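> Here it is, the structure, as structure tokens.
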């Protein structure tokens, strides 16, 4: 059993003075501090991200954010509640606090900060499952083989595990469950904003292609009460979606269909949504998906591609980091709006609208119909 009884050694005067001096700055933006460092120091701090990520993951896995939900606690109480070694837990917390994830009070207790509140399981727009997923072998081990990807252009995941990400998940229900919960958490972010900007005809039948549990579709139907919905995804996802949509009192307004969007997408809908689907795939496969949707939509249907798009060059852009995640794990890629437009054109679709929605971009396409 893990020893949790070891007391933290008494802090010396410098330690106590340091906490007092910096207490007022506990929530200062670590990125502002990094920006003020000399270039060499900034570079070294960036490479130390290999420490920050697993520390945040470990504290989240231990449930520390949830234990701090009611207010600050001493590290000893946190250690007893999490079954951890108190001096070690203190070091982990202080490391995270140096980046604004948790904060240490002058009396030695730790509290949540604006960042760590999102690590609570019950937080609105919680990222807990996303952080936990990023700490699993799914997204950690492939980076050990990033040179394979650099030399071949192929996903490191396939090289490390001998199969693709989605095939690997099929045989591991626990990991698949965490993966789908994390994807649902990502889908929640901005779904209401996306639903608000969609241009849908009155009474439209809306298909969410690759819609997972159906969170976006539920938001669309809530925002557009006259519409009906169809959710299309893999069989395992469809079963979960039926339960989710029924729990939202939408069973009578939705149909859930299982299938493969590479081969055929159900027809008969007025609008087709593809939210965070195309970035999972390389250009050839993305065009195959768009062609399937184009066939289903016919000449009159609308196709809405909803993705985070890359920003200006040489600027801090989280989408550029997600692009490497997609490259290493699944062989997909993040793209600019122009790149999505070119893919759609290859599938016989023309751009008819573009709207911003909470960090994502909604691109509306319609069929390119030849004259005569």
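The values are calculated or read from the model by the stated rules, or taken from the named source; none is laboratory data. Everything numeric in this text was worked out from a predicted model, so none of it was measured. Because the Cβ atoms are built from the backbone with ideal geometry, glycine has one as well, and the counts that use them run over all protein chains shown.
> Within segment 333-366, which residues are at pLDDT below 95, within 15 Å of the chain's Cα centre (by Cα) and surrounded by 14 or more Cβ atoms within 10 Å (Cβ to Cβ)?
Listed by number, the list holds a single entry, 360.
> Looking at (1) more than 16 Å from residue 135 (Cα to Cα); (2) buried (at least 16 other Cβ atoms within 10 Å of the Cβ); (3) in contact (Cβ under 8 Å) with a residue 24 or more places away in the chain, which one does residue 115 not meet, given that it meets all the others?
So the condition that residue 115 fails would be (3).
> Tell me yes or no: at least one residue of segment 118-135 is part of a helix (DSSP H, G or I), free of Cβ contacts under 8 Å to residues at least 60 places away in the same chain and over 17 Å from residue 322 (Cα atoms).
Step one: filter segment 118-135 for residues part of a helix (DSSP H, G or I), giving 118-119, 128-134.
Right, trim to free of Cβ contacts under 8 Å to residues at least 60 places away in the same chain and you get 118, 129-130, 133.
Adding the requirement that they be over 17 Å from residue 322 (Cα atoms) leaves 118.
Scanning segment 118-135, I find at least one residue that is part of a helix (DSSP H, G or I), free of Cβ contacts under 8 Å to residues at least 60 places away in the same chain and over 17 Å from residue 322 (Cα atoms), so the answer is yes.
> Same structure again: I'm trying to understand the selection: among the residues of segment 77-100, which are within 20 Å of residue 30 (Cβ to Cβ) and either at pLDDT 95 or above or part of a helix (DSSP H, G or I) (or both)? Spell out the reasoning first.
Of segment 77-100, the ones within 20 Å of residue 30 (Cβ to Cβ) are 90-100.
Across segment 77-100, the qualifying residues are 90, 91, 92, 93, 94, 95, 96, 97.
> On to the next question. Test residue 337 against the stated conditions and say whether it is touching a helix residue (DSSP H, G or I) at 6+ places or on another chain (Cβ under 8 Å) and closer than 30 Å to residue 150 by Cβ.
Spelling it out, it is not the case that residue 337 is touching a helix residue (DSSP H, G or I) at 6+ places or on another chain (Cβ under 8 Å) and closer than 30 Å to residue 150 by Cβ.
> Within segment 302-318, which residues are out of contact with any strand residue (DSSP E or B) (no Cβ under 6 Å at 6 or more places or on another chain) and buried (at least 18 other Cβ atoms within 10 Å of the Cβ)? Don't jump to the end; show me each part of the working.
If we filter segment 302-318 for residues that are out of contact with any strand residue (DSSP E or B) (no Cβ under 6 Å at 6 or more places or on another chain), which is where we start, we get 307, 310-318.
307, 310, listed by residue number.
> Okay, moving on. Go through segment 282-300 and give me each residue that's within 14 Å of residue 332 (Cα to Cα) and modelled with pLDDT under 95.
Here is the first cut: in segment 282-300, the residues within 14 Å of residue 332 (Cα to Cα) are 282-289.
The one that is within 14 Å of residue 332 (Cα to Cα) and modelled with pLDDT under 95: 282.
> To continue, here is another question. For segment 149-250, please list each of the helices (runs of 4 or more DSSP H) lying entirely inside it that holds at least 3 residues being touching a strand residue (DSSP E or B) at 6+ places or on another chain (Cβ under 6 Å).
On the way: elements: 156-161, 165-170, 173-188, 191-197, 215-223, 235-247.
In segment 149-250, the matching helices (runs of 4 or more DSSP H) lie at 191-197, 215-223, 235-247.
> Does residue 303 satisfy the criteria of being modelled with pLDDT of 95 or more and in a helix (DSSP H, G or I)?
No: the conditions fail for residue 303.
> Among what's in segment 156-168 and is in contact (Cβ under 8 Å) with a residue 24 or more places away in the chain and touching a helix residue (DSSP H, G or I) at 6+ places or on another chain (Cβ under 6 Å), pick the residue that is nearest to residue 225 (Cα to Cα). If you could, list the steps in order and put the result at the bottom.
As a first pass, look at segment 156-168 and keep what is in contact (Cβ under 8 Å) with a residue 24 or more places away in the chain: 156-158, 164-166, 168.
Applying the additional criterion that residues be touching a helix residue (DSSP H, G or I) at 6+ places or on another chain (Cβ under 6 Å) yields 156-157, 164-165, 168.
Values: 156: 44, 157: 42, 164: 39, 165: 37, 168: 39 Å.
Among residues in segment 156-168 that are in contact (Cβ under 8 Å) with a residue 24 or more places away in the chain and touching a helix residue (DSSP H, G or I) at 6+ places or on another chain (Cβ under 6 Å), the one nearest to residue 225 (Cα to Cα) is 165.
> Please specify each residue of segment 264-296 satisfying the condition of being in a helix (DSSP H, G or I), under 12 Å from residue 326 (Cβ atoms) and in contact with a strand residue (DSSP E or B) (Cβ under 8 Å, 6 or more places away or on another chain).
278, 279
> Does segment 320-331 include one or more residues that are assigned to a loop (DSSP other than H, G, I, E, B) and either within 17 Å of residue 276 (Cα to Cα) or not assigned by TED's automatic domain parsing to the domain that holds residue 211 (or both)? Working first, answer last.
So the first thing to find is which residues in segment 320-331 are assigned to a loop (DSSP other than H, G, I, E, B), and the list is 330-331.
Then drop every residue that is not either within 17 Å of residue 276 (Cα to Cα) or not assigned by TED's automatic domain parsing to the domain that holds residue 211 (or both), which leaves 330-331.
Yes: one or more hits.
> Determine if segment 113-130 includes at least one residue that is in contact with a strand residue (DSSP E or B) (Cβ under 9 Å, 6 or more places away or on another chain) and within 30 Å of residue 212 (Cβ to Cβ). Don't jump to the end; show me each part of the working.
At the first step, the residues of segment 113-130 found to be in contact with a strand residue (DSSP E or B) (Cβ under 9 Å, 6 or more places away or on another chain) are 113, 116.
If we keep only those that are within 30 Å of residue 212 (Cβ to Cβ) as well, we get 116.
Scanning segment 113-130 turns up at least one residue that is in contact with a strand residue (DSSP E or B) (Cβ under 9 Å, 6 or more places away or on another chain) and within 30 Å of residue 212 (Cβ to Cβ).
> Which residue pairs have Cβ atoms under 8 Å apart, sit 6 or more places apart or on different chains, and have a first residue in segment 234-246 that is farther than 15 Å from residue 170 by Cβ and a second that is surrounded by fewer than 18 Cβ atoms within 10 Å (Cβ to Cβ)?
242/251; 245/251
> I've got another one for you. Are any of the residues in segment 270-293 under 23 Å from residue 355 (Cβ atoms), surrounded by fewer than 22 Cβ atoms within 10 Å (Cβ to Cβ) and free of Cβ contacts under 8 Å to residues at least 24 places away in the same chain?
The answer is no, given that none of the residues of segment 270-293 is under 23 Å from residue 355 (Cβ atoms), surrounded by fewer than 22 Cβ atoms within 10 Å (Cβ to Cβ) and free of Cβ contacts under 8 Å to residues at least 24 places away in the same chain.
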